[in-house]
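Here's the structure we're looking at; comments come further down.
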Amino acid sequence: NIQGRVDRIDVNENKSRFIVVDYKTGGKVESIAKNISEGKHLQLPIYVEAVRKMLMQSATPIGGILFALMTIEKKHGFLKKEFNDICYSINKRSHTLMDDDKWNELLNTAVDYASKYITRIRTGHFELTDDDCPHYCKFGDVCRAI
């Protein structure tokens, strides 16, 4: 059973656009665009796609953003840059803002990775690679690779 919970969905007045907001309680929020392209940090794009398909089929998704509660920052995510200063205000040099092609590429990449991961889980395919296991791991006491 794979599950998650969307923290917040912001919509415009006529409900034609939406943004998924995910609250983070940790002290540091990292940039996620690179992580999405590597098959990591798929939460925001998967939430965006789930909201689009299940809750707001007629609305246009314009992205997802991480909100760091400890530092009160909204600066990491994947947002369509054409809506900056209309629906949100992010530094124009941020990697969080992207054109439609890059945004769609990241969303599709996340969905593809998630599909592959789910298939592997369902078939009991859990092999480790060297890339999966760093030399030091804070989970060493419970890690099956050690």
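The values are calculated or read from the model by the stated rules, or taken from the named source; none is laboratory data. Just so it is clear, the model here is predicted, and its values are computed rather than measured. SASA here: full protein model, heavy atoms, side chains in, ligands and nucleic acids out. Shrake-Rupley method; radii C 1.70, N 1.55, O 1.52, S 1.80 Å.
What the table below lists for this structure:
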{"item": "Sulfur and carbon atoms: percent of accessible area, region 71-113 [1.4 Å]", "result": "46"}
{"item": "Accessible surface, region 20-100, averaged per residue in Å² (probe 1.4 Å)", "result": "55"}
